[in-house]
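Working notes, structure below.
The values are calculated or read from the model by the stated rules, or taken from the named source; none is laboratory data. Note that this is a predicted model, so its numbers are computed, not measured. Here the Cβ positions follow ideal geometry from the backbone for every residue, glycine too, while neighbour counts run over all protein chains shown. Calculation scope for accessible area: heavy atoms of the full protein, side chains included, ligands and nucleic acids excluded. Shrake-Rupley method; radii C 1.70, N 1.55, O 1.52, S 1.80 Å.
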Amino acid sequence: MKEKKSICVFCGSSGRVDEAYRQAATQFGTLVGEKGFDLVYGGGHVGLMGIAADAALAAGASVLGVIPKFLQEYEVGHDGLNELIVTDNMHDRKRIMYERSDAFVILPGGLGTMDETFEVVTWTQLGLSSKPVVIANINGFWDPLIALVDHLVETGFARDENRSILQIADSVEDVFPKIAAAPVSHGKVDSKWV
């Protein structure tokens, strides 16, 4: 029997966003549960984070939230999760989210989402990680970020192989095949996604 895998989602905590992004978060969480994965995320009940978590729970996924104490004290933590870990700081939050995840999916979000994404991408670049990273480019939301990464390659600040760390999915449905097909460090095929 295959071990159950966890997908970590980085996404926005704002709820004042286009309905297409809200629908994408719902669809993503639903597919996580329907496809038999568990969800790891930032622990909030607000914005796309809360929407994705609620959808995953409704679809039968086990959901782990990891939230720093200062955000929990603002009462933005989700109290209906299977597990909620409250950390002392943002660094511990990201470390635990990484340790408890097998792949990373980036839905639309803000500065925090970009911070989390670039930390994981940098770890992969440095050989500290080989976990798939997939950007869900809903309605072209991440086009400017993708263009910036391409610019870094074109100007010599990043290598071509660094660009390939980011797999781009144009829809939520395309995220899961991208995870399965993502290149892994040292040319190994990661059989847990096959």
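Just the accessible area for Asp18, please: 1.4 Å probe, Å², rounded to the nearest 10?
90
Output ³J(HN,Hα) for region 123-128: one whole-Hz value per residue in order, computed from phi by the Karplus curve 6.51 cos²θ - 1.76 cosθ + 1.60 with θ = phi - 60°, and x for Gly and Pro.
Running phi through 6.51 cos²θ - 1.76 cosθ + 1.60 with θ = phi - 60° gives 4, 5, 4, 8, x, 8 Hz.
Thinking of region 108-151 as a set of Cα atoms, what percent of all their pairs are more than 17 Å apart?
Cα-Cα pairs of region 108-151 separated by over 17 Å account for 34 percent.
Given the options Leu81, Val63, Leu126, identify the residue whose Cα lies farthest towards the positive end of the charge dipole of region 41-133 (+1 on Cβ of Lys, Arg; -1 on Cβ of Asp, Glu).
The listed residue farthest towards the positive side: Leu126.
What does the charge count near Ala136 come to, summing +1 for each Lys or Arg and -1 for each Asp or Glu among other residues with Cβ under 12 Å from its Cβ?
Within the 12 Å Cβ shell, the charges total -2.
With just the Cα atoms of region 128-177, tell me how far they stretch along each of the three principal axes, in Å, largest first.
33, 26, 13
Can you work out the accessible area per residue across region 1-53, with the rest of the protein chains kept in place, probe 1.4 Å, in square angstrom?
44
Determine the calculated [θ] at 222 nm for the chain from helices alone, applying -39500 (n - 2.57) to every DSSP H run no shorter than 4 residues and normalising by the residue count; nearest 500 deg cm²/dmol.
-12500 deg cm²/dmol
Determine the sum of side-chain charges near Cys11: Lys and Arg each +1, Asp and Glu each -1, restricted to other residues whose C-beta is under 12 angstrom from that of Cys11.
0
What is the total of Lys pairs in the chain with C-alpha atoms under 17 Å apart, excluding same-chain pairs fewer than 8 positions apart?
Count of close lysine pairs: 18.
Using a 1.4 Å probe on the protein chains only, how many percent of the accessible area of region 1-156 belongs to carbon and sulfur?
C and S fraction of accessible area: 51 percent.
Which values, in whole Å and largest first, are the semi-axes of the equivalent ellipsoid of region 19-101 obtained as the square root of 5 times each eigenvalue of the Cα gyration tensor?
21, 14, 10
Taking every DSSP beta bridge that has both residues in the chain, what percent is antiparallel when rounded to the nearest 5?
Once the DSSP bridges in the chain are tallied, antiparallel ones form about 5 percent.
Hey, what does the equivalent ellipsoid look like for the chain, semi-axes from the Cα gyration tensor as sqrt of 5 times each eigenvalue, largest first, whole Å?
25, 19, 17
Treating only the Cβ atoms of Lys and Arg (+1) and Asp and Glu (-1) as charged, compute the dipole magnitude of the chain about its Cα centre; round to the nearest 20 debye.
Here the chain has a charge dipole of around 460 debye.
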